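The values are calculated or read from the model by the stated rules, or taken from the named source; none is laboratory data. Values in this document were obtained by computation on a predicted structure and should not be read as measured data. Here Cβ is always computed from backbone atoms with ideal geometry, including for glycine, and neighbour counts include all displayed protein chains.
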Amino acid sequence: MMASSSSYNSPCAACKFLRRKCMPDCIFAPYFPPEEPQKFANVHKIFGASNVSKLLNEVLPHQREDAVNSLAYEAEARIKDPVYGCVGAISVLQRQVIRLQKELDATNAEMIRYTNTCTEIIPTHHHHHDAATRMLGNNEGPDVGGSSSSLLAQSPSSAAFYYPSPWNNDLSGDAFHHIH
Amino acid sequence: MISGRCAACKSQRRKCPPDCIFSPYFPPNDPQRFACVHRIYGCSNVGKMLQQMPVQMRAQAVDTLYMEARWRIEDPVYGCVKLISQLHQNLGDTESELAKVKALIAFHKLQISQVNELHQPNLDASQSNIVEQFQFDYPAQNHYPWFIN
């Protein structure tokens, strides 16, 4: 939701910070309401007002709110962690994804073993397994694309969404601070 | 000496002093590196950030600033934050998938143990309640609260 502080004759957070008159066409006013001074202060500290203004002019008007919010997020991350900023968070998340994917692969392999065992000892009761997968796949949890019925046929790593790690050093993760 | 200027001082068209804060991290043979960082953060902001941290951390700081600057140039709206959002989403999806598979394993373990205990070929009557006995807690959708639409 965009605030238009100029309509209330109250300067936006940016113009307040910069100690200037907030004009009706101020590019910052819709995205830096006066009741959120820290947001602009952070963005100004890391990116600078003129860089933010240039960036906002480069994107379409309907994208500017998202652009400001992502800049504010990056700025806050960089202030909390001046060395790694958002890259620290990305590195930690990527390692968690890899670890979890390995666990999923191992669990899928175990699942296949159990399924084979069940097939051997209960050959006439496949419909109970199907009932279980249907229950687990139908509105019982977050939607993951309805893949439960084909779990056994699914490639173990098909749920993976890998990014190459941008950071080759062995980060201890100590420098990462939770942003929220 | 003009030929010894770092990329930052070359870009700013100034002399590069011996104690230039930028020169260890912006070599003259990689002008793109400083250009990206300068475009997003500005020369004076980068200088201030470097001054405020220990010398031994500055190289890594410049590396990460460069990475984030490149992401922002490629995606002016979301920068690297889109990647963070996607990673959170991926983590949530993988956790859900893992919970489902573990639940199925538990179900099969129970099936096998029931068969072993009862030694009966027709298990319809005893197994009809097995599925209903299981209640699983999935990770809540808002466990990873970052959302970008």
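Here are the numbers:
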| item | result |
| --- | --- |
| Matching entry among A:Lys39, A:Lys45, A:Lys54 (being surrounded by fewer than 20 Cβ atoms within 10 Å (Cβ to Cβ), under 24 Å from the mean Cα position of the chain (by Cα) and part of a helix (DSSP H, G or I)) | A:Lys45 |
| Subset tally (residues that are among the β-branched types (Val, Ile, Thr), more than 16 Å from the chain's Cα centre (by Cα) and either within 7 Å of another protein chain (Cβ to nearest Cβ) or under 21 Å from A:Gln94 (Cβ atoms) (or both)) for segment B:63-90 | 1 |
| Residue match in segment B:91-114 (condition: closer than 19 Å to A:Ile90 by Cβ, free of Cβ contacts under 8 Å to residues at least 24 places away in the same chain and of a type outside the set (Phe, Trp, Tyr)) | yes |
| Index of the failed condition, B:Gln127 passing every other in (1) more than 7 Å from chain A (Cβ to nearest Cβ); (2) at pLDDT below 55 | (1) |
